[in-house]
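A.B. asks: Structure below; questions to follow.
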Amino acid sequence: MSTIHSFTLGGTADTALGVELQSTYQEPILPPTRDRTATIPGRQGMVVFSSDLDAREITLDLAMIESHTAAALQAVVRAFAQVLLDKTGKPKDVALVFVKEPTKTYTVRYTGNLPLARLIGDSWGEFTLPLMAPDPYAYGESVQTRATVTTSPQTVTVTNGGDYATPPVIQLKNNGGAGIAGITLTVTALKE
């Protein structure tokens with residue numbers, strides 16, 4: 001299997017989890033939309049008030065590897081399930097990173113049904129892992145810009161290198177003994 005089809009789940013590589021991503025899997029370009037609309041009698045079509053992206057569904061077709069007996073397969077199955085569940089046995093949020101995009105992380109959780117097709121004398125298994133990303137975006141690394149302000153006025157420029165408009169988080173810390181007065185913070189534009 002090409003490494004382009006590799007991934008990590010919960011910080012662990014697919015092969016270390018005992019699975020291999022098949023050549024076909026569903027990673028939608030965009031998640032479905034949640035549209036707020038109304039129809040007006042006597043008017044064609046509908047009025048769209050707004051739309052938001054819904055949860056992203058990612059479906060991974062996987063094969064169990066490193067299992068040569070039915071008992072070995074069952075051990076891999078149980079270990080894999082532990083990655084998806086918290087200590088109380090409920091689905092938990094885990095990081096999903098595809099090797100083809102190593103700087104982007106989806107936060108996903110198991111959803112739906114997870115049957116295992118046992119093959120070759122019960123020592124090989126294939127299954128489809130349904131995952132849901134409640135937040136439909138993949139996120140890159142957080143970037144921090146630090147600046148020491150010593151004069152007034154002083155301008156500090158922070159650039160959003162991401163793909164979407166993201167408001168900055170601004171944290172001020174006074175390292176001096178005197179109070180700070182007359183601070184003006186201006187965000188000139190979010191990425192459009």
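A.B. asks: Quick query: amide H of Val19 versus all other amide H atoms, modeled in the peptide plane; which residues come in under 5 Å with a sequence gap of 5 or more or a different chain?
C.D. replies: Under 5 Å from the amide H of Val19: Ile65.
A.B. asks: Give, as a single signed number, the net charge of other residues whose beta carbon lies under 14 Å from the beta carbon of Ser23, with Lys and Arg counted +1 and Asp and Glu -1.
C.D. replies: With Lys, Arg at +1 and Asp, Glu at -1, the net is -4.
A.B. asks: For the chain, find the longest principal axis of its Cα atoms and tell me its angle to the long axis of helix 70-84, 0 to 90°, nearest 10.
C.D. replies: Between the helix axis and the principal axis of the chain, the angle is about 20 degrees.
A.B. asks: Moving to a separate point now. Suppose R0 equals 30 Å. What FRET efficiency, 1/(1 + (r/R0)^6) with r the Cβ-Cβ distance, do Asn160 and Val48 give to the nearest 0.05?
C.D. replies: That pair, Asn160 with Val48, gives E of 0.60.
A.B. asks: Quick check on packing: order 41-54, 83-96 by the mean number of other C-beta atoms within 10 Å, highest mean leading.
C.D. replies: Those peptides, ordered most packed to least, come out 83-96, 41-54.
A.B. asks: If the viscosity is 1.306 mPa s and the temperature 10 °C, what translational diffusion coefficient in µm²/s does Stokes-Einstein give for the stretch 45-115 when Rh comes from Kirkwood over Cα pairs?
C.D. replies: Here the translational diffusion coefficient equals 103 µm²/s.
A.B. asks: Now for a different question. Consider just the alpha-carbon atoms of the stretch 1-120 and return their Rg together with their Dmax, both in angstrom.
C.D. replies: Cα only, the stretch 1-120: 19.1, 67 Å (Rg, Dmax).
A.B. asks: Please list, or write none, the aspartates and glutamates whose alpha carbon is within less than 15 Å of the alpha carbon of Lys87, excluding same-chain residues fewer than 8 places away.
C.D. replies: Here the aspartates and glutamates satisfying the reach criterion relative to Lys87 do not exist.
A.B. asks: Need the C-alpha centroid separation for the stretch 134-163 versus the stretch 1-51, integer Å.
C.D. replies: 28 Å
A.B. asks: Here is a further query. Under a 10 Å cutoff between Cα atoms, tell me which one of Thr33, Thr150, Thr59 has the largest fluctuation in the Gaussian network model of the chain.
C.D. replies: Maximum among the listed residues: Thr150.
A.B. asks: With each pseudo-label sitting 7 Å past Cα toward Cβ, what's the Thr59-Thr186 distance in nm, one decimal?
C.D. replies: So the two model labels end up 5.2 nm from each other.
Coordinate-derived values only; no laboratory data. Model, not experiment: these values are computed from the prediction. Glycine also receives a Cβ, built like all others from the backbone with ideal geometry; neighbour counts cover every protein chain displayed.
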